[in-house]
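In what follows, a single structure is set out as structure tokens and then discussed.
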Number of protein chains: 2
Amino acid sequence: MDKDRIWTAGLLIIGDEILSGRTQDRNIAQIAVWLNLQGIRLAEVRIVADDMARIGAAVNALRAQNDYLFTTGGIGPTHDDITVDAVAAALGLPVVVHPRARAALEAYYEGRGGMTEARLRMARVPEGADLIENAMSGAPGIRVGNIFILAGVPHIASLMLEALSGTLEGGRPLLSRTLGCWVAESEVADILSATERAHDACQIGSYPFFREGKVGANFVVRSADAAALESCVADLMHRLETDGRAVADGGI
Amino acid sequence: MDKDRIWTAGLLIIGDEILSGRTQDRNIAQIAVWLNLQGIRLAEVRIVADDMARIGAAVNALRAQNDYLFTTGGIGPTHDDITVDAVAAALGLPVVVHPRARAALEAYYEGRGGMTEARLRMARVPEGADLIENAMSGAPGIRVGNIFILAGVPHIASLMLEALSGTLEGGRPLLSRTLGCWVAESEVADILSATERAHDACQIGSYPFFREGKVGANFVVRSADAAALESCVADLMHRLETDGRAVADGGI
């Protein structure tokens, strides 16, 4: 196996509530950070409505382009929870009740009113799928092939990620270091691009801000190679200081 | 013109910093809410890296499927700001310096170190484009055809939206009303789906939460038709109350 292979994931957020602006998404950032710890890069995110055809099109596009696909949202007990059906349809698989999911839900709802048809919906999976446990609720996440179907509620999604930690093959995590200057990024644009050109294995991102009445910018150097990263950071710091800039190691 | 026509927009977020999890996106929600006020529905969001080919593919897919396309990010002065080039390439247009953008930048940087090659990058537009003013910085947003290129910094994007308010043709805004119950959504799933089936012009979304040690859910009814919305909300409230649930009008 190529040690430099880059593993990627797509993320599909399913939910009218995000597209309406009613709910601020909190899954993208937490999944991105978690993926990087697994040595997997988040390559693309799509957000679509609770609609079979739109979910299916996005599932098939993102799973074809990436090693892994994660979805969040739409796996509850109500009529607008159609993720399992849409993923199964996209894969050409029937939907079946998973016996272990059913047992987990029956145990969870014992003394909470018992099993109902609506609750049984949460035991439905594409045929051949495995479950992703979570300690918080009876409703599991679902793994089918390279697709991971997670809850939309951020703290439940987070528990499902925890259950998956260390189980997915990945490559080297992308490392990053940040330098900050109280400077308009346009004043050091030439330094940034020259430094990036001189360090093939690194990318430099420039993130301007306006704070305490002053403009500044953070420069984030990223690389999968620790030595290359350090060398690029040292070079960038040297070039900025030579240009008369005070550099904050770690960013501002 | 069909008064029931639904106008849609796609949104493309350009930025490695969102995909790495370093930055929490704050543009999706503000653009979604603003679009709805214009009578335009946000139909899909994609987030891609600072990469010409990926930006181009997303631009062409989203502009073909929607009446409007908005992009955020990648319009600053540094080497990683490639949105203008990527959009122009996707449209098959050359990139030119816009005289009024150049003049605005020259005025802005007068006394701030003057014009530089890096700063002049922010005056570059796809040929034939118009500018979207913003009061905060010298760098304008760009309109080219049905594509609106906005800044990534949320408060500057917000000023650009303000400049566009009331200028885009749209339809009737999607209206919404929320009812809340301290109930597990699985207990009322049948009521929700039966109510939605009885009201063609409305959708009902169910959003569960766990708060103060108890489970609850908000039910958001959406419609472009005010009378249909009121009738569906009244029906849902009646059905929930008949089932013995205490309903909070406005949500919990």
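The values are calculated or read from the model by the stated rules, or taken from the named source; none is laboratory data. Here the structure is a predicted model, which means the values were calculated and not measured. Here the Cβ is made from the backbone with ideal geometry for all residues, glycine too, and neighbour counts use every protein chain on show. In case anyone asks, the SASA skips ligands and DNA or RNA and just uses the protein heavy atoms, side chains included. Shrake-Rupley method; radii C 1.70, N 1.55, O 1.52, S 1.80 Å.
Residue count for region A:63-80, restricted to those that are in contact with a strand residue (DSSP E or B) (Cβ under 8 Å, 6 or more places away or on another chain), at the interface with another protein chain (Cβ under 10 Å from one of its Cβ atoms) and farther than 17 Å from B:ALA43 by Cα: 4. Residues that are open to solvent by 10 Å² or more (accessible area, probe 1.4 Å) and more than 10 Å from chain B (Cβ to nearest Cβ) within region A:39-55 comprise A:MET52, A:ALA53, listed in sequence order.
Within region B:212-247, work out how many residues are in a helix (DSSP H, G or I), charged (D, E, K, R) and more than 33 Å from the chain's Cα centre (by Cα). Going through region B:212-247 one residue at a time, the tally reaches 2. Selection of region A:3-17 for residues being open to solvent by 40 Å² or more (accessible area, probe 1.4 Å) and assigned to a loop (DSSP other than H, G, I, E, B) yields A:LYS3, A:ASP4, A:ARG5, A:ILE6. Among the residues making up region A:171-199, those that are open to solvent by 30 Å² or more (accessible area, probe 1.4 Å) and more than 13 Å from chain B (Cβ to nearest Cβ) are A:ARG172, A:TRP182. Per the listing B:ALA103, B:ALA86, B:ALA118, the residue uniquely over 29 Å from A:ILE252 (Cα atoms) and in contact (Cβ under 8 Å) with a residue 12 or more places away in the chain is B:ALA86. For region B:116-152, the set of residues classified as farther than 17 Å from B:HIS79 by Cα, surrounded by 17 or more Cβ atoms within 10 Å (Cβ to Cβ) and modelled with pLDDT under 95 consists of B:ASN134, B:SER137, B:GLY138, B:PRO140, listed by residue number.
Exactly one residue out of A:ASN36, A:ASN60 is over 22 Å from B:ILE204 (Cβ atoms), at the interface with chain B (Cβ under 10 Å from one of its Cβ atoms) and open to solvent by 30 Å² or more (accessible area, probe 1.4 Å): that is A:ASN36. Of the listed requirements (1) within 12 Å of chain A (Cβ to nearest Cβ); (2) open to solvent by 30 Å² or more (accessible area, probe 1.4 Å); (3) more than 15 Å from B:MET237 (Cβ to Cβ), B:GLY213 misses just one: (1). Identification of helices (runs of 4 or more DSSP H) wholly contained in region A:47-156 with 2 or more residues that are closer than 23 Å to A:ILE28 by Cα and of a type in the set (A, V, I, L, M, F, W, C) yields A:52-65, A:83-91.
Listed conditions (1) without any contact (Cβ under 8 Å) to a residue 60 or more places away in the chain; (2) in contact with a strand residue (DSSP E or B) (Cβ under 8 Å, 6 or more places away or on another chain); (3) more than 22 Å from A:VAL215 (Cα to Cα) are all met by B:ALA123, apart from (3).
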